Every structure is written in structure tokens, then in C-alpha cells.
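J.: This is the structure, below, for whatever I ask next.
The numbers here are math on the coordinates, done by the rules we state, and not lab data. Here the structure is a predicted model, which means the values were calculated and not measured. A quick note on method: Cβ atoms are made from the backbone with ideal geometry, for glycine too, and the neighbour counts reach across all protein chains shown.
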Amino acid sequence: MGRIREIKKRMIAVSNIERITKTMQLIATAKFTTALTRTTATKPYTEKIRQLVGEVSAAAGDVEHPLLASPPEKTNRQLLLVITSDRGLCGAYNGSVLRKAMVKVRDLRESNTEIILETSGKKAVGFFKFQRIPVAERHTIGDKPAYEDVNHLATRYIKEFSEGKYDAISVAYMRYESNARQIPEIMKLLPLSTDAVEEVESSGAPQANYDFSPSSEELLDALLPLTVKTSLFQAFNDAVVSEQIMRMVAMKAATENAKDLSKTLRRQFNRARQTQITTELMEVIAGSAALE
């Protein structure tokens, strides 16, 4: 009787867990759909801005700009922004990003470079507190990144980098490629990568002949800060999409596991119940035989 009662309690608990995980899966699916719409809408703009910067830089020749190169005087100090989630139950999302960030931290420490950490998301704060690594600043962007908030953060990064406070500024986040592929990545935010310029120069395709008005320096003064801001905004959007899709997958797996466990417990309950009924019948038969 005690075993039947125990199995029944477990069946009720598993049923409650299944309902919770199913609800969380549906919520994550709705948030994923919304976040995917935002990130797919901003990605072409971000890529086009980087392409335009590459074309203008290639056409202008050797153009110097403070955002394209590290400060002339090295400070041996770099800033790393780590983007994680505020909540758990999203599979390997936070673990993958934090492992990638720790590799960067260890590499910088081995090269005797001071690392300044900033975080977005409570999971990163808890992790670095456990690792006893100080966090300089914590940002709260949320599940719906607003461009105004990211613009304010990027503007500060541009100002501090231009003043020579850091040799480089990087972002650790989960890059979204497709529903089946999300990649933890360290993106160098500043100085801006010259990959776009090199792609234009090595593509072999006919390059446009630009007649700059205003000058190329003035155009880059407007385009390069915009590139930094859009790249950081895209990183936040990718992080939110990756978080929701990994939570959706994790909750779907948890729901299916709960269903399988519920079936197993149902079989155990039926067997235990049948065993109890058989035992009671044997006792009645034995008692009746003893009276004869």
C-alpha cells in the first residue's frame, strides 16, 4: 500500500512538471517568433552598413581613423562585455557563452593584459561572482533590446576607446545563424575589423568610383560610429533569439521526458496495484481454506 501511495505522489508531481514545461515551451516559442522578426529585420541593415564602410574605405585609400586602429600608446587593458540571460532553463546557452568568455579572460591574463568585465544578464553576474572575478558594470537590456539603450552603451564605448582607455573592446555572445545552429562567439567591437575592406579589395569585382562629397574622412566619421552601434545592437538581438530557441528546445525535451516518465510510473502503478489485489485475494482464499 505504501509503494502505491508513493508512486501516485510521483505521478502527480511529474504531471505538474509536464504542464509547467509545456507552458514554458509555448511562452518561449512566442518570444522566439517576436525576437526572430526583429533580428532578421535588422541583420540586412547591419551587413549593408559594414559593406558600405568597406567600399568607402577601399575607395578612399589609406584613411586613418581612431576607430579603425588601436590607440598609439598601448594601455594593456581590454574591455569584455558578456551577454547572457536573466533566467535559466535554456539548455547550454549560458554555459557556452560563459566558457567562451573564460577562454578570452585566461588568454588576456596570460598575456599580462588587464581585463575589464561588463555583463548583461543575471547569469553572468552570478557566474563571475562564483569565479571571484570583479564585474565593473552590469547592464539590464532585457528580452526586447531597445536601440536607445544599446546606442547609449555603444556611444560610451566609442568615447572611451577614442580616448585611449582600452586597447580593444570585445563582446561575448551567442550568434544566431539558423534555428538549428547558434554559435558562441567573441566579436571584436573596437577597433573595427578591416575584413570588409579586405573583402572588397580581394573580391576582383568592379569597384564603384566614388566622388566624395563631403570628404571620405567626414563620411567615415558618420559611418564608423553607426557601424559600431548597429553591430552591438545586432549582437543583443542575436543573443535574445538564441536564448529563446534554446529554451524552447530544452522545454520541449523536458516535456517529452516527463511524458515518458509518466508512462513508466503508470505501468509501475498498475503492476503494484495488481500485486496488491492478488495478495488480498490469496489472503481471502487462504482464510476461507483455513475455516473449512
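J.: Taking the Cα atoms only, what angle lies between the long axis of helix 2-60 and the longest principal axis of the chain, rounded to 10 degrees?
T.: 10 degrees
J.: Which whole-number percent gives the relative contact order of the stretch 82-132, counting Cα pairs below 8 Å spaced six or more residues apart?
T.: Across the stretch 82-132, relative contact order equals 54 percent.
J.: How big is the charge dipole of the stretch 26-248 about its Cα centre, in debye rounded to the nearest 20, if each Lys and Arg gets +1 on its Cβ and each Asp and Glu gets -1 on its Cβ?
T.: Rounded to the nearest 20 debye, it is 1580 debye.
J.: Under 12 Å from the Cβ of Val125, count the other residues' Cβ atoms, weight Lys and Arg +1, Asp and Glu -1, and hand me the total.
T.: Counting the neighbours of Val125, the net charge comes to +1.
J.: If you don't mind, there's one more thing I want to ask. Which residue, chosen from Ala58, Ala92, Leu80, occupies the Cα position most advanced towards the positive end of the dipole of the stretch 1-149, where the dipole is computed from +1 (Lys, Arg) and -1 (Asp, Glu) charges on Cβ about the Cα centre?
T.: Highest projection toward the positive end goes to Ala92.
J.: Could you work out the local net charge near Glu160, counting Lys and Arg as +1, Asp and Glu as -1, over the other residues with Cβ closer than 13 Å to its Cβ?
T.: 0
J.: Over the stretch 26-248, calculate the relative contact order: mean separation of alpha carbon pairs under 8 Å at least 6 apart, over the residue count, as a percent.
T.: 36 percent
J.: Using only the Cα atoms of the chain, construct the convex hull and provide its projected area averaged over every direction, in square nanometres to one decimal.
T.: Spelled out: convex hull of the Cα atoms, projected over all directions, averaged, 21.9 nm².
J.: Considering the dipole of the chain built from charges on the beta carbon (Lys and Arg +1, Asp and Glu -1) around the Cα centre, which of Ala69, Thr37, Asn270 is farthest to its positive end?
T.: Asn270
J.: On to the next question. Take Arg156 and Ser288, extend 7 Å from each Cα along the Cα→Cβ direction, and tell me the distance between the two endpoints in nm.
T.: 8.4 nm
J.: Assign unit charges at the C-beta atoms only (+1 for Lys and Arg, -1 for Asp and Glu), then state the dipole size of the stretch 8-109 relative to its Cα centre in Debye, rounded to the nearest 20.
T.: 1060 debye
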